[in-house]
Amino acid sequence: MKWPRWFAPLVVLVAAVAFLTHGLLDDGKAAAYVGAAVLLAGAPGALASAFLAPLRLGRRRGAALGIRFLQRSAVDAATEVDTLLLDGLDTLVDGRHVASIDPLDESHLRNLRWFAGALEHTSDHPIGRAIARLSARGNVTGVEHHPGLGISGSVDRHPVRVGEPAWIGVPATSDGPGVVVAVEVDARLLGTITVVDSVRSDAADAAATLHALGVRPVLVSSAPGARARSVADQVGIAEAIDGDLADGAGQRGSGVAALTTGPLVSTCALTIGPASPQVATDDCGIATGAAALRLCHDMAATTRLAARTALGFHLVLMALAATGLFPLWVVALCAAAGVGLVWLLVLYALRRGRRNPRFHQPRGTSGDGRADLSDLPGQRPAPSSRVSGLPQARRSGAATPLDPGGQRR
């Protein structure tokens with residue numbers, strides 16, 4: 001909401017009318033007294049507080065959430081956003097975990113966990129760290145890393161290899177969201193381990209919050225299609241785009257924001273439209289992006305509520321002051337009380353998370369109020385059915401031996 005430019009001329013007009021009226025009905029001293037009272041009642045202290053208080057209190061609340069506003073225009077710009085581009089899977093996941101352990105012989109399950117976990121304690125790769133949690137550290141020697149293939153070494157004097165199934169001699173499976181690694185001990189295959197992404201615990205709730213705000217989350221990732229699609233389905237995101245925001249995928253325009261690493265800050269940033277980052281965040285997760293947008297909506301709605309309340313207060317006080325029944329000190333006291341009431345109203349509204357349920361439908365949106373991204377390159381079609389969980393993906397053979405480009409190591 002913008003400052004009402006008509007307010008100041010209205011105050012002067014009411015004061016002039018009150019002055020002339022009392023000048024005709026009474027003496028000039030009384031007319032000047034009433035005119036001064038009207039001007040005092042129209043002094044925009046409460047109205048100015050209606051615009052200042054939400055910004056100050058909102059920034060304080062954002063600082064507690066790890067959100068910092070870099071530009072004053074961020075609040076108004078955020079209310080126009082209807083699409084949030086998420087830069088990569090890191091906005092939705094916080095690591096990886098083992099989804100299944102499949103020994104060739106059930107009696108080898110314990111050995112499979114022990115040898116693979118002990119060897120992977122020497123790895124700093126996310127897949128290796130996930131497998132390392134299967135066992136404690138062992139006596140590991142002769143460790144060798146094979147880029148794009150896996151890792152080899154000796155565990156308790158037993159030669160062990162963990163890596164791409166084809167490297168171990170196991171037929172590769174079809175593409176899917178998981179990463180399958182094979183485990184060989186003493187030149188004998190023990191089985192396979194499937195590692196999947198660990199979705200952030202607050203990601204699904206954050207996606208629901210964005211939908212409630214009228215904002216559509218869109219994942220932009222260069223990860224394999226099945227992997228990105230699986231993560232998006234678990235979170236509740238219907239659309240994913242192949243590519244990288246840094247390379248121009250998902251070009252941003254009016255009504256589109258992006259949660260990514262900002263070039264002007266050392267942390268993450270929320271960039272609205274093609275401009276520079278407006279909001280800096282301590283975390284790149286979708287929950288922080290949703291919290292930033294919700295806070296902006298809260299601040300904007302609170303500003304509208306406080307401004308309308310302040311305008312009504314000023315108009316009523318001006319009308320009472322124009323009667324000439326109240327001394328100047330009473331009018332001044334009421335004006336000061338109005339400022340305090342506006343601050344209390346803003347504080348209460350922000351704490352309750354008050355939002356206007358009617359959201360503006362930005363230009364370039366479809367009939368349901370969502371932005372049309374059909375012209376963005378590499379958009380993956382939404383699946384006809386959601387992946388209900390990892391067991392289903394595994395039954396359908398949804399596992400891939402390695403990340404593209406040999407990123408296993």
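Please indicate, with yes or no, whether at least one residue in the stretch 133-141 is among the charged types (D, E, K, R), without any contact (Cβ under 8 Å) to a residue 60 or more places away in the chain and not in a helix (DSSP H, G or I). Write out each step before concluding.
Our first condition is that a residue be among the charged types (D, E, K, R); within the stretch 133-141, this holds for 133, 137.
Imposing the further condition that a residue be without any contact (Cβ under 8 Å) to a residue 60 or more places away in the chain reduces the set to 133, 137.
Add one more test, that the residue is not in a helix (DSSP H, G or I), and what stays is 133, 137.
Yes, the conditions are met somewhere in the stretch 133-141.
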Number of the condition not met by Val181 [criteria: (1) closer than 29 Å to Asp233 by Cα; (2) touching a His at 6+ places or on another chain (Cβ under 8 Å)]: (2)
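Select, from Gly236, Gly169, the only residue that is over 30 Å from Leu85 (Cα atoms), surrounded by fewer than 22 Cβ atoms within 10 Å (Cβ to Cβ) and free of Cβ contacts under 8 Å to residues at least 40 places away in the same chain. First the steps, then the outcome.
Working: Gly236 fails: over 30 Å from Leu85 (Cα atoms).
Matching residue, one of Gly236, Gly169: Gly169.
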Pick out the one residue from Leu55, Leu24 that is at negative phi, in a helix (DSSP H, G or I), surrounded by fewer than 20 Cβ atoms within 10 Å (Cβ to Cβ) and modelled with pLDDT of 85 or more. Leu55
In the stretch 153-166, what count of residues is obtained for those that are under 17 Å from Leu109 (Cβ atoms) and either within 41 Å of the chain's Cα centre (by Cα) or surrounded by 19 or more Cβ atoms within 10 Å (Cβ to Cβ) (or both)? 3
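Just for the stretch 73-115: of the residues that are among the polar types (S, T, N, Q) and not in a loop (DSSP other than H, G, I, E, B), which one is surrounded by the most Cβ atoms within 10 Å (Cβ to Cβ)?
Start the filter on the stretch 73-115 by keeping residues that are among the polar types (S, T, N, Q), which leaves 73, 79, 83, 91, 100, 107, 111.
Restricting the remaining residues to those that are not in a loop (DSSP other than H, G, I, E, B) gives 83, 91, 100, 107, 111.
Working: Thr83: 26, Thr91: 29, Ser100: 16, Ser107: 8, Asn111: 16.
Per the stated criteria, the residue is Thr91.
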One residue is enough: does the stretch 2-17 have a residue meeting the conditions modelled with pLDDT of 85 or more, assigned to a helix (DSSP H, G or I), over 30 Å from Leu347 (Cβ atoms) and aromatic (Phe, Trp, Tyr)? no
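Here's the yes/no breakdown for (1) touching a Lys or Arg at 6+ places or on another chain (Cβ under 8 Å); (2) part of a loop (DSSP other than H, G, I, E, B); (3) closer than 18 Å to Glu144 by Cβ; (4) of a type in the set (S, T, N, Q):
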position: Arg161; (1), (2), (3), (4): no, no, yes, no
position: Pro171; (1), (2), (3), (4): no, yes, no, no
position: Leu190; (1), (2), (3), (4): no, no, no, no
position: Thr194; (1), (2), (3), (4): yes, no, no, yes
position: Ser198; (1), (2), (3), (4): yes, no, no, yes
position: Ser201; (1), (2), (3), (4): no, yes, no, yes
position: Ala207; (1), (2), (3), (4): no, no, no, no
Every pair of residues 6+ apart whose Cβ atoms lie under 7 Å, when the first sits in the stretch 29-43 and is free of Cβ contacts under 8 Å to residues at least 24 places away in the same chain and crowded, with 17+ Cβ neighbours inside 10 Å while the second is of a type in the set (Gly, Ala, Ser) and assigned to a helix (DSSP H, G or I): Ala31/Gly23; Gly35/Ala15; Gly35/Ala18
Residues located in the stretch 121-152, provided they are in contact with a Leu (Cβ under 8 Å, 6 or more places away or on another chain) and surrounded by 21 or more Cβ atoms within 10 Å (Cβ to Cβ): Ile151
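If only one of Thr309, Thr323, Thr288 is β-branched (Val, Ile, Thr) and in contact with an Asp or Glu (Cβ under 9 Å, 6 or more places away or on another chain), which one is it? Write out each step before concluding.
Details: Thr309 fails: in contact with an Asp or Glu (Cβ under 9 Å, 6 or more places away or on another chain); Thr323 fails: in contact with an Asp or Glu (Cβ under 9 Å, 6 or more places away or on another chain).
Going through Thr309, Thr323, Thr288 in turn, the sole match is Thr288.
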Check off (1) touching an Asp or Glu at 6+ places or on another chain (Cβ under 9 Å); (2) touching a residue at least 12 places away in the same chain (Cβ under 8 Å); (3) farther than 30 Å from Ala204 by Cβ for Val11 and give me the number that stays unchecked. (1)
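The values are calculated or read from the model by the stated rules, or taken from the named source; none is laboratory data. None of these values were measured; they are calculated from a predicted model. Virtual Cβ from ideal backbone geometry, glycine too; neighbours counted across all protein chains shown.
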